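Engineer: Encoded as structure tokens, here's the structure I'll be asking about.
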Amino acid sequence: MPTNRRRHAVTETPPVEAALDELRQVTGDAKIEMSELVILGAQAKLALLQARGAEIAERRQSLADLVRSGALPVDPTAAAEVRRKGWVHG
């Protein structure tokens, strides 16, 4: 049937098959709703990415706080040179 929506197909590769077999053992071979699995998987992936982003932002803030407080030894001359010239890879 024609549709304007994206269609997807999933091949049960060994890792996919293993995950679905575990689910089938618990559900007693009841029909697995792929749309439900996609929604749950997308939500789980989004939560994981958001948690990683929050963790990275927290670490950046912590490093910035250390630099601003002077607790982290920084060579002001070297820092000024990097700011002026940028990083040089060699």
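Just so you know, all these numbers are worked out from the coordinates, no wet-lab data involved. Source: prediction; values computed, not measured. Ideal geometry is used to build each Cβ from the backbone, glycine not excepted, and the neighbour counts take in all protein chains shown.
Engineer: Show me the trypsin sites (Lys or Arg not before Pro) within the chain that DSSP assigns to loop and that have at most 13 other Cβ atoms within 10 Å of their Cβ.
Structural biologist: On the way: sites: ARG5, ARG6, ARG7, ARG24, LYS31, LYS45, ARG52, ARG59, ARG60, ARG68, ARG83, ARG84, LYS85; in loops: ARG5, ARG6, ARG7, LYS31.
In loop regions of the chain (DSSP not H, G, I, E or B), the sparsely surrounded trypsin sites (Lys or Arg not before Pro) are ARG5, ARG6, ARG7, LYS31.
Engineer: Going by Cα centres, segment 59-79 and segment 6-27 are how many Å apart?
Structural biologist: 48
Engineer: At what distance in nm do the modelled label points of ALA79 and LEU66 sit from each other, each positioned 7 Å from its Cα along Cα→Cβ?
Structural biologist: About 1.3 nm, to one decimal.
Engineer: R0 = 35 Å: FRET efficiency of THR27 with GLU55, Cβ-based, nearest 0.05? Walk me through the numbers before you get to the answer.
Structural biologist: Numbers: r = 34 Å, r/R0 = 0.97.
Once rounded, the FRET efficiency stands at 0.55.
Engineer: When averaged across all projection directions, what area in nm² does the alpha-carbon convex hull of the chain cover?
Structural biologist: Numbers: hull surface 52.7 nm².
Mean shadow area of the hull around the Cα atoms is 13.2 nm².
Engineer: Could you give the angle, 0 to 90 degrees to the nearest 10, between helix 76-85's Cα long axis and the longest principal axis of the Cα atoms of the chain?
Structural biologist: That helix lies at roughly 60 degrees to the long axis.
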